[in-house]
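K.L.:
Below is a structure I'd like to ask you about.
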Amino acid sequence: MKYIIEHMEEGFSEWVILEYSQIIREVGSSNLILTSLPSSTTDKDIPPALAKLGLQWTTQECVDIDGGIDKSRVCLLDPAAETDLVPEDGQSYDYFVFGGILGSHPRIDRTGILRRKYGFAGRRLGELQMTTDTAIRTTQRIIETKQHFKDIEFLDYPEIRYSKYESTEMPFRYIVKNGEPVMPEGMLELIKKDGEQSIDDLI
Ligand code: SAM
(Lines give C-alpha, C1' and ligand atoms only; values in the text may rest on other atoms or scores of the structure.)
Protein backbone atom coordinates (compact mmCIF):
# COMPACT_ATOMS: atom_id res chain seq x y z
CA MET A 1 0.00 0.00 0.00
CA LYS A 2 1.55 3.26 -1.02
CA TYR A 3 -0.98 5.82 -2.16
CA ILE A 4 -3.78 7.04 0.09
CA ILE A 5 -6.59 9.32 -0.99
CA GLU A 6 -8.51 10.96 1.84
CA HIS A 7 -11.89 11.32 0.17
CA MET A 8 -13.19 14.82 0.89
CA GLU A 9 -15.99 15.20 -1.65
CA GLU A 10 -19.64 14.41 -1.08
CA GLY A 11 -20.29 11.06 -2.81
CA PHE A 12 -18.78 10.16 -6.17
CA SER A 13 -19.29 12.49 -9.13
CA GLU A 14 -18.62 11.31 -12.69
CA TRP A 15 -15.40 13.35 -12.62
CA VAL A 16 -14.20 11.68 -9.39
CA ILE A 17 -15.04 8.19 -10.71
CA LEU A 18 -12.98 8.82 -13.86
CA GLU A 19 -10.03 10.17 -11.84
CA TYR A 20 -10.02 7.33 -9.28
CA SER A 21 -10.46 4.69 -12.02
CA GLN A 22 -7.43 6.01 -13.87
CA ILE A 23 -5.36 6.11 -10.67
CA ILE A 24 -6.18 2.44 -9.95
CA ARG A 25 -5.18 1.47 -13.50
CA GLU A 26 -1.85 3.27 -13.14
CA VAL A 27 -0.75 2.36 -9.58
CA GLY A 28 -2.60 -0.96 -9.21
CA SER A 29 -5.51 -1.58 -6.85
CA SER A 30 -3.22 -3.10 -4.19
CA ASN A 31 -1.24 0.16 -3.94
CA LEU A 32 -4.17 2.52 -3.40
CA ILE A 33 -6.70 2.97 -0.63
CA LEU A 34 -9.53 5.47 -0.31
CA THR A 35 -9.90 6.52 3.32
CA SER A 36 -12.31 8.53 5.49
CA LEU A 37 -15.46 7.52 3.63
CA PRO A 38 -18.60 8.37 5.67
CA SER A 39 -19.19 5.87 8.51
CA SER A 40 -22.48 4.70 6.94
CA THR A 41 -20.74 3.59 3.71
CA THR A 42 -21.43 0.05 2.51
CA ASP A 43 -20.34 -1.82 -0.63
CA LYS A 44 -23.55 -0.64 -2.31
CA ASP A 45 -22.33 2.98 -2.12
CA ILE A 46 -19.18 2.26 -4.11
CA PRO A 47 -19.68 3.00 -7.83
CA PRO A 48 -19.61 -0.27 -9.81
CA ALA A 49 -16.83 1.02 -12.09
CA LEU A 50 -14.53 1.45 -9.07
CA ALA A 51 -15.59 -1.81 -7.42
CA LYS A 52 -14.85 -3.66 -10.67
CA LEU A 53 -11.32 -2.25 -10.72
CA GLY A 54 -10.79 -3.58 -7.17
CA LEU A 55 -10.93 -0.29 -5.27
CA GLN A 56 -9.86 -0.69 -1.63
CA TRP A 57 -11.74 1.65 0.67
CA THR A 58 -12.38 2.24 4.35
CA THR A 59 -14.33 4.51 6.65
CA GLN A 60 -11.21 4.76 8.84
CA GLU A 61 -8.96 7.78 8.69
CA CYS A 62 -5.67 7.34 6.87
CA VAL A 63 -3.68 7.15 10.14
CA ASP A 64 -5.68 4.09 11.26
CA ILE A 65 -5.17 1.81 8.27
CA ASP A 66 -3.01 -1.31 8.58
CA GLY A 67 -3.62 -1.28 12.35
CA GLY A 68 -2.20 2.25 12.69
CA ILE A 69 0.61 3.67 10.61
CA ASP A 70 3.84 5.37 11.69
CA LYS A 71 3.16 9.07 11.03
CA SER A 72 6.84 9.77 10.49
CA ARG A 73 6.71 7.55 7.36
CA VAL A 74 3.80 9.45 5.82
CA CYS A 75 4.08 12.34 3.37
CA LEU A 76 1.18 14.66 2.53
CA LEU A 77 1.26 16.01 -1.00
CA ASP A 78 0.45 19.60 -0.29
CA PRO A 79 0.39 22.53 -2.75
CA ALA A 80 1.28 24.83 0.16
CA ALA A 81 4.34 22.85 1.37
CA GLU A 82 7.68 24.61 1.30
CA THR A 83 9.76 21.74 -0.11
CA ASP A 84 9.27 20.01 -3.45
CA LEU A 85 9.14 16.19 -3.63
CA VAL A 86 12.43 14.57 -4.74
CA PRO A 87 13.27 10.93 -5.64
CA GLU A 88 15.21 10.50 -2.34
CA ASP A 89 11.93 11.01 -0.41
CA GLY A 90 11.12 7.44 -1.42
CA GLN A 91 13.56 6.33 1.29
CA SER A 92 11.91 8.45 4.00
CA TYR A 93 8.24 7.73 3.35
CA ASP A 94 6.16 4.58 2.84
CA TYR A 95 2.80 6.30 2.35
CA PHE A 96 1.81 9.27 0.21
CA VAL A 97 -1.45 11.00 1.11
CA PHE A 98 -3.51 13.10 -1.31
CA GLY A 99 -6.65 15.10 -0.87
CA GLY A 100 -9.57 13.55 -2.77
CA ILE A 101 -10.61 17.08 -3.64
CA LEU A 102 -11.93 18.53 -6.86
CA GLY A 103 -9.86 21.55 -7.77
CA SER A 104 -11.29 25.03 -7.65
CA HIS A 105 -10.05 28.16 -9.32
CA PRO A 106 -8.66 30.17 -7.64
CA ARG A 107 -7.32 27.43 -5.39
CA ILE A 108 -8.97 27.05 -2.00
CA ASP A 109 -6.67 25.46 0.58
CA ARG A 110 -8.74 22.38 1.44
CA THR A 111 -5.56 20.29 1.65
CA GLY A 112 -4.91 22.48 4.73
CA ILE A 113 -7.62 20.49 6.56
CA LEU A 114 -5.42 17.38 6.24
CA ARG A 115 -2.24 19.33 7.06
CA ARG A 116 -3.68 20.67 10.31
CA LYS A 117 -5.42 17.45 11.31
CA TYR A 118 -2.55 14.98 10.90
CA GLY A 119 0.66 17.00 11.01
CA PHE A 120 2.40 14.83 8.39
CA ALA A 121 5.51 16.05 6.61
CA GLY A 122 4.45 17.91 3.47
CA ARG A 123 5.91 18.00 -0.03
CA ARG A 124 4.92 20.13 -2.98
CA LEU A 125 4.78 19.23 -6.66
CA GLY A 126 5.60 22.69 -7.97
CA GLU A 127 3.53 25.80 -7.51
CA LEU A 128 0.53 25.05 -9.73
CA GLN A 129 -2.58 23.10 -8.81
CA MET A 130 -2.91 19.61 -10.30
CA THR A 131 -5.85 17.25 -10.41
CA THR A 132 -5.58 14.39 -7.89
CA ASP A 133 -4.75 11.87 -10.64
CA THR A 134 -2.03 14.16 -12.04
CA ALA A 135 -0.59 14.64 -8.53
CA ILE A 136 -0.41 10.84 -8.02
CA ARG A 137 1.02 10.30 -11.53
CA THR A 138 3.71 12.92 -10.84
CA THR A 139 4.52 11.38 -7.42
CA GLN A 140 4.80 7.96 -9.04
CA ARG A 141 7.24 9.36 -11.64
CA ILE A 142 9.37 10.98 -8.92
CA ILE A 143 9.31 8.19 -6.32
CA GLU A 144 9.14 5.07 -8.49
CA THR A 145 10.80 6.18 -11.75
CA LYS A 146 13.23 8.50 -9.86
CA GLN A 147 12.60 11.27 -12.34
CA HIS A 148 13.23 14.80 -11.06
CA PHE A 149 10.31 17.22 -11.11
CA LYS A 150 12.19 19.58 -13.44
CA ASP A 151 12.61 16.76 -16.01
CA ILE A 152 8.89 15.99 -16.25
CA GLU A 153 7.15 17.71 -19.16
CA PHE A 154 4.00 19.56 -18.12
CA LEU A 155 1.31 21.58 -19.84
CA ASP A 156 -0.39 24.31 -17.84
CA TYR A 157 -4.02 25.34 -18.27
CA PRO A 158 -4.73 23.47 -21.53
CA GLU A 159 -7.65 24.59 -23.63
CA ILE A 160 -10.15 21.86 -24.47
CA ARG A 161 -12.17 22.59 -27.60
CA TYR A 162 -15.61 21.02 -27.62
CA SER A 163 -17.10 22.55 -30.73
CA LYS A 164 -15.95 24.66 -33.65
CA TYR A 165 -16.59 27.82 -31.63
CA GLU A 166 -16.44 26.84 -27.97
CA SER A 167 -13.61 25.77 -25.70
CA THR A 168 -12.84 25.66 -22.04
CA GLU A 169 -9.57 26.24 -20.18
CA MET A 170 -8.70 23.63 -17.55
CA PRO A 171 -7.15 25.52 -14.59
CA PHE A 172 -4.64 22.78 -13.77
CA ARG A 173 -1.15 21.56 -14.63
CA TYR A 174 -1.01 18.24 -16.53
CA ILE A 175 1.75 15.82 -17.53
CA VAL A 176 2.26 15.78 -21.30
CA LYS A 177 2.41 12.66 -23.45
CA ASN A 178 2.72 12.86 -27.24
CA GLY A 179 2.03 16.58 -27.03
CA GLU A 180 -1.30 16.11 -25.25
CA PRO A 181 -2.23 16.56 -21.56
CA VAL A 182 -2.61 13.19 -19.82
CA MET A 183 -6.16 12.87 -18.53
CA PRO A 184 -8.25 9.94 -17.27
CA GLU A 185 -9.95 7.77 -19.89
CA GLY A 186 -13.32 9.34 -20.70
CA MET A 187 -12.44 12.76 -19.22
CA LEU A 188 -12.29 14.63 -22.55
CA GLU A 189 -15.75 13.35 -23.42
CA LEU A 190 -17.04 14.39 -19.96
CA ILE A 191 -15.55 17.90 -20.28
CA LYS A 192 -17.14 18.26 -23.72
CA LYS A 193 -20.49 16.96 -22.45
CA ASP A 194 -20.41 19.40 -19.50
CA GLY A 195 -19.45 22.24 -21.84
CA GLU A 196 -22.31 21.50 -24.23
CA GLN A 197 -24.68 21.16 -21.27
CA SER A 198 -23.75 24.60 -19.90
CA ILE A 199 -24.36 26.16 -23.32
CA ASP A 200 -27.74 24.40 -23.52
CA ASP A 201 -28.57 25.82 -20.09
CA LEU A 202 -27.92 29.34 -21.40
CA ILE A 203 -30.22 28.92 -24.40
N1 SAM B 1 -7.67 23.53 -4.09
C2 SAM B 1 -7.20 22.30 -3.61
C3 SAM B 1 -6.47 22.37 -2.28
O4 SAM B 1 -5.25 22.54 -2.21
O5 SAM B 1 -7.11 22.16 -1.29
C6 SAM B 1 -6.40 21.54 -4.64
C7 SAM B 1 -6.70 20.14 -4.49
S8 SAM B 1 -5.97 19.18 -5.75
C9 SAM B 1 -7.20 19.26 -6.98
C10 SAM B 1 -6.14 17.57 -5.07
C11 SAM B 1 -4.93 17.03 -4.34
O12 SAM B 1 -3.84 16.85 -5.25
C13 SAM B 1 -4.37 17.91 -3.23
O14 SAM B 1 -5.06 17.72 -2.02
C15 SAM B 1 -2.92 17.43 -3.14
O16 SAM B 1 -2.80 16.26 -2.35
C17 SAM B 1 -2.60 17.11 -4.60
N18 SAM B 1 -1.95 18.23 -5.31
C19 SAM B 1 -2.44 18.94 -6.35
N20 SAM B 1 -1.56 19.85 -6.77
C21 SAM B 1 -0.46 19.74 -5.98
C22 SAM B 1 0.81 20.40 -5.91
N23 SAM B 1 1.13 21.38 -6.75
N24 SAM B 1 1.68 20.00 -4.94
C25 SAM B 1 1.36 19.01 -4.08
N26 SAM B 1 0.19 18.33 -4.10
C27 SAM B 1 -0.71 18.68 -5.04
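K.L.:
Please give the contour-minus-distance gain from D66 to F149: 0.36 nm per residue of separation, less the Cα-Cα distance, rounded to one decimal in nm.
P.N.:
26.9 nm
K.L.:
With a 1.4 Å probe and all protein chains kept in place, how do H105, H148, H7 rank by accessible area, largest first?
P.N.:
Order by accessible area, largest first: H105, H148, H7.
K.L.:
For segment 110-203, rounded, prolate or oblate, judged on the Cα gyration tensor with a ≥ b ≥ c (square roots of eigenvalues), a/c < 1.5 rounded, else prolate if a/b > b/c? All intermediate terms of the calculation are to be shown ahead of the outcome.
P.N.:
Details: a/c = 2.89, a/b = 1.62, b/c = 1.78.
Oblate.
K.L.:
Evaluate the relative contact order of segment 88-168 (contact order divided by residue number), counting alpha-carbon pairs under 8 angstrom at least 6 apart; express in whole percent. Before the final figure, lay out each step's value.
P.N.:
On the way: 38 pairs, mean separation 21.4, N = 81.
It comes to 26 percent, rounded to a whole number.
K.L.:
Given a 1.4 Å probe and every protein chain left where it sits, what share in percent of the accessible area of segment 2-147 is carbon and sulfur?
P.N.:
Working: 3180 of 6720 Å².
Answer for segment 2-147: carbon and sulfur cover 47 percent of the accessible area.
K.L.:
Suppose every K and R has +1 on its Cβ and every D and E has -1 on its Cβ; what is the size of the dipole of the chain about the Cα centre, in Debye to the nearest 20?
P.N.:
380
K.L.:
Under the definition of Cα pairs under 8 Å and six or more residues apart, what whole-number percent is the relative contact order of the chain?
P.N.:
21
K.L.:
Pull out a ≥ b ≥ c, the square roots of the eigenvalues of the alpha-carbon gyration tensor of the chain, then state rounded if a/c is under 1.5, prolate if not and a/b is larger than b/c, and oblate in the remaining case.
P.N.:
Oblate shape, in that a/c is at least 1.5 and b/c is the bigger or equal ratio.
K.L.:
Then there's this: Just the accessible area per residue of segment 2-147, please: how many Å² with a 1.4 Å probe? Each step should come with its number before you reach the end.
P.N.:
On the way: 6720 Å² over 146 residues.
Result: 46 Å² per residue.
K.L.:
Are there GluC sites (Glu not before Pro) in segment 8-37 that DSSP puts in a loop and that have at most 11 other Cβ atoms within 10 Å, and which ones?
P.N.:
Listed in order of number, the matching sites are E10.
K.L.:
Further question on the same structure: Cβ under 9 Å from L18's Cβ, L18 left aside: what net charge do those residues give with Lys, Arg +1 and Asp, Glu -1?
P.N.:
Overall, the nearby charge balance is -4.
The values are calculated or read from the model by the stated rules, or taken from the named source; none is laboratory data. Note that the structure is a prediction, hence the values are computed from the model and not measured. So basically every Cβ, Gly included, is an ideal-geometry build from the backbone, and we count neighbours across all protein chains shown. To get the accessible areas, we keep the full protein, side chains included, count just its heavy atoms, and leave off ligands, DNA and RNA. Shrake-Rupley method; radii C 1.70, N 1.55, O 1.52, S 1.80 Å.
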